[in-house]
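Only one structure is covered here, and it is reproduced in the block below.
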Amino acid sequence: MNMERKMSFDDVVVFDAVTHARNSEMLDLYTGTTGGGFRLSCEGFSEKRFLCMDIELLEDHAQPFYLLFKAKGSAQEAAEDFCVTFGVHPRLPMTFVFDFNWFDSQNLFPYRTTGRQKLVIHGKPNIIQNMSRMTFFVKESFHTVHIRVSNLRLLDDEPIYLQPQMDLLDEMGQYVPKTWIGKQPSIEAMVTNLNKQYSEVLEDRAGFYNPKWSRWGGWLEKKLTSGSGLFATHFDGRRHWLVDPDGYAFFSVGPDCVGGDTKTRIDVMRHALRWVPNESEYPEAITLHKNTI
């Protein structure tokens with residue numbers, strides 16, 4: 001039996017936000033462009049293992065949030081002693097869970113749970129018994145953020161997660177509620193457009209457009225090594241260089257973490273997907289994950 005301790009929103013302190021609606025079970029807020037949220041005491045937290053709340057982001061785009069903990073005896077003006085960052089999908093009600101075992105800081109990216117985006121742990125190892133205050137903070141944004149939090153509780157075991165059936169991603173991985181230039185109307189149209197793009201690449205981009213660049217984008221006027229077949233570094237005795245696989249000087253100004261291999265965690269997002277590939281039909285598209293507590 002999963003014993004729980006209910007907490008009342010009558011006991012939280014709202015800051016830098018406008019309260020739209022509030023009762024003991026629910027808190028509906030608008031936070032400003034500089035962020036805002038609510039705080040509450042950590043009294044009684046150590047008696048349970050999980051902090052849980054249901055969250056609904058009433059906006060049209062995802063939003064990052066912080067769960068901040070201040071240790072007993074820490075100065076009011078001092079920075080928070082432990083920080084948790086996580087994301088929430090727009091208009092998809094979800095159950096947020098924080099396992100107090102994560103205070104050991106041994107897991108930077110704890111396992112994914114239904115409906116929640118990636119969670120990141122920041123802070124030196126600690127324990128919940130040392131914490132005096134928790135802050136739920138909505139990160140600053142270019143506009144006000146409407147958020148609804150409900151069912152705040154402490155549990156011995158993981159809860160049953162909210163899984164409202166919503167049509168958010170189509171068969172091509174496109175976001176259903178919005179339209180934009182280039183959004184594909186059908187699988188057939190997508191295939192046609194991809195084949196067209198592939199043909200254009202073969203015709204027009206046999207190499208880089210600048211004749212002074214190597215096939216990898218390296219500078220042909222600066223040969224530094226014989227080339228290793230890989231992008232690498234080289235020290236010429238005075239300065240460090242990046243070199244391309246053929247050994248030419250290479251300068252990188254590209255953004256980080258950009259690619260075309262975006263994946264969706266079926267196990268935690270199935271309720272929001274219009275289509276899910278059949279494991280036996282598309283085994284190469286399925287990677288099995290096992291969440292462990």
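FYI, it's all coordinate maths here, none of it is from the lab. If you're wondering where the values come from, they're calculated on a predicted model, not measured in any experiment. Quick reminder, even Gly has a Cβ in these numbers, built from the backbone with ideal geometry, and neighbours come from all protein chains shown.
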Folded to 0 to 90 degrees: helix 187-204 orientation relative to the chain principal axis, Cα: 40
task: Starting from the Cα-Cα distance between Q197 and E59, subtract it from 0.36 nm times their residue separation and give me the gain in nm to one decimal.
output: 46.3 nm
message: Testing the spin-label approximation: label points 7 Å from Cα along Cα→Cβ at V120 and K183. State their distance in nm.
response: 2.9
- prompt: List the aspartates and glutamates whose alpha-carbon lies under 17 Å from that of K222, not counting same-chain residues fewer than 8 positions away?
  reply: D236, D244, D246
field: Difference of contour (0.36 nm per residue) and Cα-Cα distance, M190 to Q129
entry: 16.5 nm
query: Okay, helix-only estimate at 222 nm for the chain: each DSSP H run of n ≥ 4 adds -39500 (n - 2.57), divide by all residues, round to 500 deg cm²/dmol; what do you get?
result: -2500 deg cm²/dmol
Lysines with Cα under 19 Å of K72, excluding same-chain neighbours fewer than 8 positions away: K48, K124
message: Under a crude label model (7 Å from the Cα following the beta-carbon direction), how far is V276 from E47 in nanometres?
response: 3.8
field: Shape call, the chain: gyration tensor on alpha carbons, a/c limit 1.5
entry: prolate
- prompt: According to a simple spin-label model (label point 7 Å from Cα along Cα-to-Cβ), what is the distance in nm between V18 and T144?
  reply: 0.2
